Amino acid sequence: MSAALPVADTAARPLPRSEGIWHAAWRRFRRDRVGMTGAVIVLLFVLLMILAALGVVASDWQVEKGVPNAPPTFMGPAPKVEDQAIATPTGPLVDLSSVDPLAPRYKEWAERAKQYETTERKRVDTLPLGGDRLGRDVLAKTIKGTQISVFVGVLAAVVATFIGTVLGALAGFFGGKAGDFLEWLYNVFTAIPGILLIFAFAAVAGRGVQSVVLILGLTGWTGIYRLVRAEFLKHSVREYVRAAEAVGASAWSRIFRHILPNVSHVVLVQLSILVVGFIKAEVILSYLGLGVSVDQVSWGTMLAESQGELILGYWWQLASATLFMAVFVTAFSLMTDALRDALDPKLRGLE
């Protein structure tokens, strides 16, 4: 006789669980070397921003370490123009006190000037990435500017993405009067030219980092709202959403647990675009005097300052701010593109 099969053991064995959306997305993202490289660079910038905020690095960015417009170290010190000797006529010495009543003070003034020159000699002739017109270290200014610009660009993009995603989800899923009201609000914001809308908010909010974040966040949500609304209109009638409704899932569960993960790739693409655009917008606002405060520094204020220096041939402040900005923006774009591919439901079946 054949042995009986262990029916009880087979029935008690747990069934394998399917891989979750986020776990599968993380697995696909780790296989993307370009995306992972971009993520590492972004994390380094975030770490640099945190260290600058804590005062560990670039805390002395306002200190005048070098001579005005000190060149970068690899260029060497700028050539100095030596004072030319002035020939004086020879002849008998003349008592200047009888001619100039201020002659007795000359010696005192010369000593004071010597002390001033001694203080000036403490400034170095070169700096790692050069100095600005006041002799401040461009590298320290760029690191401190990273704190402001990355904070403004990322946080303002997150605020605008959150507003646009939530409003677009509500308008696309519920429709009706709520959808009509949100469409009217969207049309009002898009009917006003963007730069005028930013200026209007800036006139009310004033200057400062918080004001710039608020201005850009409240004026930049319209693009992502339109895309998210269209995606929710399309996904809300699909079979998996109908099945979730049939088993008793609430409307909020269908919105945030079922539909939103499947449209998150669209949200990430718009987030990447907004971060790049808001960093540029911060540059424009700072140039027009509507950005960060005068006692703070950002990539935007550095680019505004470098315009006058570039005419005189001092290009290093422009190059430093542009290089840091280009590296961060490129790395952030590569990271979000990889995340979009990892979360795109159309690419899941190609594995």
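When only residues in segment 276-320 that are among the hydroxyl-bearing types (Ser, Thr, Tyr) and within 21 Å of Ala78 (Cβ to Cβ) count, which is modelled with the lowest pLDDT?
Ser306
Can you tell me how many residues in segment 286-299 are in contact (Cβ under 8 Å) with a residue 60 or more places away in the chain and under 16 Å from the mean Cα position of the chain (by Cα)?
6
Per-residue answers, yes or no, for (1) over 30 Å from Gly223 (Cα atoms); (2) acidic (Asp, Glu); (3) at pLDDT 90 or above; (4) part of a helix (DSSP H, G or I):
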| position | (1), (2), (3), (4) |
| --- | --- |
| Ala110 | yes, no, no, yes |
| Leu134 | yes, no, no, no |
| Leu139 | yes, no, yes, yes |
| Thr142 | yes, no, yes, yes |
| Ile148 | no, no, no, yes |
| Leu155 | no, no, yes, yes |
| Ala160 | no, no, yes, yes |
| Ile163 | no, no, yes, yes |
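What do you reckon, is Ile143 within 21 Å of Trp299 (Cα to Cα) and surrounded by fewer than 20 Cβ atoms within 10 Å (Cβ to Cβ)?
no
Looking only at residues in segment 286-301 that are part of a loop (DSSP other than H, G, I, E, B) and of a type in the set (S, T, N, Q), which one is surrounded by the fewest Cβ atoms within 10 Å (Cβ to Cβ)?
Ser293
Considering each residue of segment 236-265, count those that are among the acidic types (Asp, Glu) and either in contact with a strand residue (DSSP E or B) (Cβ under 7 Å, 6 or more places away or on another chain) or exposed (fewer than 11 other Cβ atoms within 10 Å of the Cβ) (or both), and give that number.
Residues meeting the conditions: 1.
Let me spell it out: the conditions are (1) free of Cβ contacts under 8 Å to residues at least 60 places away in the same chain; (2) of a type in the set (Val, Ile, Thr); (3) buried (at least 23 other Cβ atoms within 10 Å of the Cβ), and Val204 meets all of them except one. Which number is the exception?
(3)
What are the pairs with Cβ atoms under 6 angstrom where one residue, in segment 308-320, is in contact (Cβ under 8 Å) with a residue 12 or more places away in the chain and more than 14 Å from Thr126 (Cα to Cα) and the other, located anywhere, is of a type in the set (Val, Ile, Thr) and in a helix (DSSP H, G or I)? Sequence gap at least six, or different chains.
Ser320/Val138; Ser320/Thr142
Report yes if Pro92 is outside any helix (DSSP H, G or I) and either modelled with pLDDT under 85 or of a type in the set (S, T, N, Q) (or both), otherwise no.
Taking the combined requirement at face value, the residue satisfies it.
Which of the residues belonging to segment 261-285 are hydroxyl-bearing (Ser, Thr, Tyr) and either under 20 Å from the mean Cα position of the chain (by Cα) or assigned to a loop (DSSP other than H, G, I, E, B) (or both)?
The one that is hydroxyl-bearing (Ser, Thr, Tyr) and either under 20 Å from the mean Cα position of the chain (by Cα) or assigned to a loop (DSSP other than H, G, I, E, B) (or both): Ser272.
Would you call Trp252 without any contact (Cβ under 8 Å) to a residue 40 or more places away in the chain and either under 24 Å from Tyr287 (Cβ atoms) or aromatic (Phe, Trp, Tyr) (or both)?
Answer is yes for this residue.
For segment 207-229: of the residues being among the small types (Gly, Ala, Ser) and in contact (Cβ under 8 Å) with a residue 60 or more places away in the chain, which is surrounded by the fewest Cβ atoms within 10 Å (Cβ to Cβ)?
The extreme case among them is Gly208.
If you check Ile311 against the conditions, is it out of contact with any Lys or Arg (no Cβ under 8 Å at 6 or more places or on another chain), surrounded by fewer than 21 Cβ atoms within 10 Å (Cβ to Cβ) and among the β-branched types (Val, Ile, Thr)?
yes
The values are calculated or read from the model by the stated rules, or taken from the named source; none is laboratory data. Treat the numbers as computed from the prediction; the structure is a model and nothing was measured. Methodologically, a virtual Cβ is constructed for each residue, glycine included, from the backbone with ideal geometry; neighbour enumeration extends over all protein chains shown.
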